[in-house]
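Below is one structure, written out as structure tokens; comments come after it.
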Amino acid sequence: MGNSYLEALKFWNQAFDLDEEAKEQYRKELDPEDYKELASSGKLAEVLVRELAGKKRVLDYGCGEGWAGILLNKSGCKDVTSVDVVENAIKLAEFLKSLYDIKDGLKMECVPDTWLDSVEPGTYDGIFCSNVIDVLPAEVTDAILANFARVATDDAKIVIGMNYYFEPVSKPDKGIEIRNGNEMYVNGVLRMVTRTDDEWREILGRYFTVEKVEYFAWPGETEEKRRIFVLKK
């Protein structure tokens, strides 16, 4: 495991830190009856539910705060496993799971980076992974995709959410440094690996058939430039 990966883990663990004040803010702002509000993008949530809610067993890999697992559980999929290597992300996810009063059908777990290696082949007929494989070193991403192909059933659907493509240009005044041609480091921490749609099609196509690419935006963004790759085994 390289230093860039360890530094990224440290960054995200701090980003998901949850204190009592933050918990109280969630309680005030979230409506336990309106689980769809957890998704920052209605388009991403729409694709997630359309492609995976009807599956028997879904893996939400790199789940962050766990919004996708909660949405899938509430939308009818009663066997969802949400995992993340970031300890504080799972603490937040478990808190939100309790806030939405989910008792069954959704397992959340902090796992080591080798966890996928231990999963039995053909375990999941649905996999969701958003803002994960494009923020990691290339060798880590490739290992994850190879394992996704191994743990997926023959009829599995896979939904991959990604950041938008940007021209890899260093901007020292903003703390942005490009390394290895396409790795964006912000203040010394790997934050993104930028690739075009065609480059991702080639990488994903080593393991899956790319059915379609759709686009979405986060709140406040005027253009839908972020990518959703819908794949099949």
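The values are calculated or read from the model by the stated rules, or taken from the named source; none is laboratory data. Please read all numbers here as calculations on a predicted model, not as lab measurements. Note: ideal-geometry Cβ built from the backbone for every residue, glycine included; neighbour counts use all protein chains shown. Heavy atoms of the whole protein, side chains included, go into the accessibility calculation; ligands, DNA and RNA do not. Shrake-Rupley method; radii C 1.70, N 1.55, O 1.52, S 1.80 Å.
In the stretch 69-78, the count of residues that are among the β-branched types (V, I, T), surrounded by 15 or more Cβ atoms within 10 Å (Cβ to Cβ), touching a residue at least 12 places away in the same chain (Cβ under 8 Å) and in contact with a Phe, Trp or Tyr (Cβ under 8 Å, 6 or more places away or on another chain) is one or more.
Can you tell which of E33, E24 is surrounded by fewer than 16 Cβ atoms within 10 Å (Cβ to Cβ), assigned to a helix (DSSP H, G or I) and not polar (S, T, N, Q)? Quick ask: steps written out before the conclusion?
Numbers: E33 fails: assigned to a helix (DSSP H, G or I).
Unique residue meeting the criteria: E24.
Within the stretch 113-151, can you find the residues that are within 13 Å of S82 (Cα to Cα) and either part of a helix (DSSP H, G or I) or open to solvent by 40 Å² or more (accessible area, probe 1.4 Å) (or both)? Step through it out loud before you land on a result.
Within the stretch 113-151, the subset within 13 Å of S82 (Cα to Cα) is 115-116, 124, 126-130.
Selection gives W115, L116.
Of all residues in the stretch 201-233, those satisfying the criterion of being open to solvent by 30 Å² or more (accessible area, probe 1.4 Å), more than 21 Å from G126 (Cβ to Cβ), in a loop (DSSP other than H, G, I, E, B) and not charged (D, E, K, R) are W218, P219, G220, T222. Just one of the numbered conditions (1) in a helix (DSSP H, G or I); (2) touching a residue at least 60 places away in the same chain (Cβ under 8 Å); (3) loosely packed, with under 12 Cβ neighbours inside 10 Å is not true of D198: (2).
Annotation: of all residues in the stretch 164-180 being among the β-branched types (V, I, T) and more than 19 Å from V132 (Cα to Cα), the one that is least open to solvent (accessible area, probe 1.4 Å) is I176.
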